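Contents: one structure, followed by commentary.
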Amino acid sequence: MMNQEDMNVLSTMIDEKLNANNSVVVSLIQGLILPLHTEMLDFKAEVMEHFAQIDKRLDRLEVRMDQLEERMDHLENEVAHLKKDVQHLQIDVRKLQTYTENRVEPALCLLSENYVPAANRYEHDHTEMDAMRADIDLLNKTVARHSVELQRLTAQAQTAG
């Protein structure tokens with residue numbers, strides 16, 4: 001069996017072996033991990049820079065979206081006003097249609113019903129008036145001639161008598 005001294009020697013030997021292996025492992029880890037850590041830090045810096053650029057772009061997009069929302073709100077208000085105006089116009093058109101159907105169309109029908117007979121009468125009366133005018137002109141000429149003849153006869157009778 002092993003005594004205490006043998007155990008201490010064995011323990012010391014194992015510790016020395018582990019320490020020697022530890023320094024090899026630590027140097028291997030430092031050789032592998034430190035470059036990886038440096039690369040990770042560089043990569044992290046690049047990622048952070050990209051995130052900062054993305055944040056800037058997102059901020060600009062948010063501003064543009066806010067502007068678009070404002071414009072959309074304005075357009076929606078304008079469309080609402082236009083809808084109200086169109087509704088008022090539709091009401092006015094209905095009123096005009098009703099007025100036309102109830103007042104204008106019957107009046108036009110009445111006018112057209114009376115126009116043809118009145119036009120025929122006017123045409124007939126016009127022809128008669130032209131004839132009457134010719135008769136009146138002839139009558140005036142005859143009266144004027146007879147007046148001249150009567151004045152001549154009156155003058156002869158006064159001189160003879």
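The values are calculated or read from the model by the stated rules, or taken from the named source; none is laboratory data. Note that the coordinates shown come from a computational prediction; the quantities given were computed from them, not determined experimentally. Here the Cβ positions follow ideal geometry from the backbone for every residue, glycine too, while neighbour counts run over all protein chains shown.
Which residue pairs have Cβ atoms closer than 7 Å, lie 6 or more positions apart in sequence or on different chains, and pair a first residue in segment 130-150 that is outside any helix (DSSP H, G or I) with a second residue that is surrounded by 10 or more Cβ atoms within 10 Å (Cβ to Cβ) and among the β-branched types (Val, Ile, Thr)?
Matching pairs, first to second residue: none at all.
On the given criteria, is residue 102 assigned to a helix (DSSP H, G or I), at pLDDT below 95, more than 47 Å from the chain's Cα centre (by Cα) and not basic (Lys, Arg)? Before you say what the answer is, go through the steps one by one.
Values: assigned to a helix (DSSP H, G or I): yes; at pLDDT below 95: yes; more than 47 Å from the chain's Cα centre (by Cα): no; not basic (Lys, Arg): yes.
No.
Only one of these is surrounded by 10 or more Cβ atoms within 10 Å (Cβ to Cβ) and within 35 Å of the chain's Cα centre (by Cα): 141, 95. Name it. Write out each step before concluding.
On the way: 141 fails: within 35 Å of the chain's Cα centre (by Cα).
The match here is 95.
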